[in-house]
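None of the figures in this text is laboratory data; all of them are computed from the coordinates on show. Everything numeric in this text was worked out from a predicted model, so none of it was measured. Cβ sites come from the backbone with ideal geometry, for glycine too, and all protein chains shown count toward neighbours.
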Amino acid sequence: MSNDKEASYAHMEQLSDEELCRLYAGGTRIAEEILAARYHRLVRACARPYFLVGGDSEDLSQEGMFGLIKAVREYDQGKEASFHTFAEICIRNRLYSVLKAASCGKHMPLNQSVPLEPLLFDASFSFAQVDPEDLVIDREKTAILLENTRKQMSPFETTILGYYLDGLTCHEIANAVGKSPKSVDNAVQRIRRKAALQIHSGDISEG
């Protein structure tokens, strides 16, 4: 990258999300690249709960990125919502859509070792016309599942889960807690197994 291009890129990195969307709409393709990098952690954070209860981490992150790209290309600055809000809705909508399809048997589960369960997803959803407020329903179901899982976790696993759901990589978590990446990955796998036990027991109700 030439010095001029580097300077231009550095300048664009300081722009707001909305300004970058406007530039992208005007044909500046690099604006999409900057937004993708800026929102990569949000994509991971949105995908992580569903990876823990049965998805494939890389596949879900990729699907989430498709949702982010849709947000960049379709964001309407005439609406009241910020780009961040619109992007999160698009990311979660994409994730729910692919997980809904998996849970209904439209294609093979994303991870055979921890099957998805239809009860985690509201069968009445129509993802082509979903109301953003309705997305809270499945988020609450997953939150209940994770809260029940937390009751079975060690203090170390609880700490790891918090960082993991925030979208940090295993290496970033390892640096934060002073452990090896392998130790962190092992903790994540233990958490997944405990989440699977919650699914198979059917214990996802409050109280």
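What to note about this one:
- Scalar couplings 3J(HN,Hα) for region 87-98, obtained by applying the Karplus form with A = 6.51, B = -1.76, C = 1.60 to θ = phi - 60°, are 5, 5, 4, 5, 5, 5, 4, 4, 5, 4, 4, 6 Hz; x denotes Gly and Pro.
- Model label sites at Glu18 and Ala36, defined 7 Å from Cα along the beta-carbon direction, differ in position by 2.5 nm.
- For region 1-95, trypsin sites (Lys or Arg not before Pro) meeting the loop criterion (DSSP other than H, G, I, E, B) and having at most 16 other Cβ atoms within 10 Å: Arg29, Lys79.
- Too-long pairs where the Cα-Cα distance tops 25 Å, listed order kept, from Lys100/Lys151; Lys141/Lys194; Lys100/Lys179; Lys151/Lys179: Lys100/Lys151; Lys100/Lys179
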